[in-house]
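Reviewing the structure listed below.
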Amino acid sequence: MPRQAIEVLHLAFSHYPADTRVKRETQSLLALGRRIAVIALRGDGQRTVERCSGVLAIRVPGRKTRGGLFRYLRDYLDFVGRCRHLVARHTRFAKLRVVHVHTLPDFLIWAALPAQRRGARVVLDMHEIFPEFARTKFPRLGRVLGLLAQIVERWARSRADLTVTVTRPIDALLAARPINRTEHRIILHNTADPADFGEGRERRVVVATPRERVLKLVYHGTLTPLYGLDVAIRATGIARATGLPVHLSIIGNGPERPRLRELIQTLGLSNDVRLEMPIPQTALPARLGECDAGVVPTRLNGMTQYSLSTKLLEYVHLGLPVLAARLPTYLAYLGWESAWYWDPDSPPDLARAIRDFATSSPEEVARRAWQAHERLKSIAWPTEQERLLAAYKALLTS
């Protein structure tokens, strides 16, 4: 670890720099000329301490197992304890100016309190909403866990000097859950960073029609039940059965991968659906650009009704047309005429949306892709970046 004192520290129960939101924010904050570090989980083959494009990454042992309640608590508590120990005792963190806490869990803010007592400002960056996550993830204990999580959320927000949310609906939800003091909140959307995805570009999209060339659809990201990849696979099978030449590429890894592979084999879709391992970020834009449209099959529940998929934002940034489940937040940001929607969790309706897309004219496809880009222009990352830097400047001068 370098001898100079760290001024801004990020805590994230994730892997760095794989977590694109944490990477995007830390890289942006280098413009302030401050010494920045991140404490994150250590993945296989990663160094304990290394510099990543100017940001010091400090990786601690830990797991992100996505199991039952007790596994989640065990993993969370272990990481929070390790972070608290470093913040409280390591000499390089003795003069911290800002501790930036990325959730989940909300109680990770406990690790920042020793620095706050020494005068540091604390940022609570809410990637998810804890009560809704708890109710959705553990439905059998949802009511009790939701109440406990809401207490933790209120406590965490009350300790933060700045609360960061990721969508307007989440910000409105928090506004309806007051914390009995004035709260400073800003919204930073998970829009694509041009440093990773380029400046964005117009694409001339040639859409397949039945019995012509194969229509190439793509999904990239974590493979979990929440993201509805089984719906997309079944819909591909239905579309193929009606004579539509369509191929679905699923790029990613996660706990759902074995079940998805089995489903593909059971439905006889080995030639029509391909499971691909994650690829480096630098190669992702070109790979996605080979496809005709991005598919966002997120299931609708108490948590996702407030969410705005990072994948959806990346597809729009790249000029890819979007086929998306009809979630309230997607409609709020994109509107009805910027994508092809279907009823969440309905393979037949997704198959219908695939056919609607495939039979749309090139002009209609281009119009919707352009309209989606225009609707999201106001939350492009350069604009969000300026909002982040302005908030930090206020923290560092107050």
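The values are calculated or read from the model by the stated rules, or taken from the named source; none is laboratory data. Everything quoted here is computed from the prediction, not taken from an experiment. Here the Cβ is made from the backbone with ideal geometry for all residues, glycine too, and neighbour counts use every protein chain on show. Keep in mind that these areas ignore ligands, DNA and RNA; they rest on the heavy atoms of the full protein, side chains included. Shrake-Rupley method; radii C 1.70, N 1.55, O 1.52, S 1.80 Å.
Remarks
- Listed residues 182, 310, 163 arranged by accessible area, highest first, probe 1.4 Å: 182, 310, 163
- About the centre of its Cα atoms, the range 73-139 shows a dipole size close to 520 debye [charges on the beta carbon of Lys, Arg (+1) and Asp, Glu (-1) only; nearest 20 debye].
- Among 243, 33, 45: highest mean-square fluctuation, GNM of the chain, C-alpha pairs under 10 Å: 45
- Cβ-placed point charges (K, R +1; D, E -1), dipole of the range 129-171 about Cα centre in debye, nearest 20: 220
- For residue 52, the accessible area of its heavy atoms, probed at 1.4 Å with every protein chain present, is near 20 square angstrom.
- All Cα-Cα distances of the range 82-158, cut into 10 Å bins from zero to the largest, leave 20, 43, 25, 11, 1 percent in each bin in turn.
- Coarse-grained scattering of the range 212-260 at q = 0.22, 0.28, 0.32 Å⁻¹, given as base-10 log I(q)/I(0) from a Debye sum over alpha-carbon atoms: -0.77, -1.05, -1.21
- Nearest-10 value in Å² for the accessible area of residue 337, using the 1.4 Å probe: 90
- Debye, to nearest 20: dipole size of the chain, +1 on Lys, Arg Cβ, -1 on Asp, Glu Cβ: 1600
- Label-point separation, residue 394 to residue 216 (7 Å along Cα→Cβ), nm: 4.5
- Of all DSSP beta bridges in the range 1-118, antiparallel share, percent nearest 5: 20
- Selection from 142, 156, 119 lying farthest towards where the dipole of the range 110-255 points positive, charges on Cβ: 142
- Heavy-atom accessible area order for 110, 370, largest first, 1.4 Å probe: 370, 110
- The chain - share of DSSP beta bridges that are antiparallel (%, nearest 5): 10
- The residues of the chain have, on average, 43 Å² of accessible surface per residue, using a 1.4 Å probe with all protein chains present.
- Highest-fluctuation residue, 368, 51, 121 considered, GNM on the chain with Cα pairs under 10 Å: 51
- If you wrap the range 238-383 in the convex hull of its Cα atoms and look at it from every side, the mean projected area works out to 9.4 nm².
- Here's the list of aspartates and glutamates a cross-link from residue 64 could span, going by alpha-carbon distance under 16 Å and ignoring same-chain residues fewer than 8 apart: 19, 44, 75, 78, 106, 128, 256.
- For the pair the range 302-317 and the range 146-201, the centres of their Cα atoms are 15 angstrom apart.
- Farthest towards the positive end of the charge dipole of the chain, among the residues 228, 312, 391, is the Cα of 391, using unit charges on the Cβ of Lys, Arg, Asp and Glu.
- Using C-alpha pairs under 8 Å with a sequence gap of at least 6, the mean separation divided by the residue count of the chain gives a relative contact order of 13 percent.
- Theoretical ellipticity at 222 nm over the chain - DSSP helices of four or more residues, -39500 (n - 2.57) apiece, nearest 500: -12500 deg cm²/dmol
- Spatially, the range 1-48 and the range 338-398 are offset by 28 Å when compared through their Cα centroids.
- Translational D in µm²/s for the chain (Stokes-Einstein at 20 °C, 1.002 mPa s, Kirkwood Rh from C-alpha pairs): 97
- At the residue level, residue 216 shows approximately 100 square angstrom of accessible surface with a 1.4 angstrom probe and all protein chains present.
- Of 332, 112, 160, the one that fluctuates the most in a GNM where the chain has Cα springs shorter than 10 Å: 332
- Euclidean distance between Cα centres, the range 50-80 to the range 218-253, Å: 30
- Pairs from the list 23/393; 23/311; 95/377 with a Cα-Cα gap above 27 Å: 95/377.
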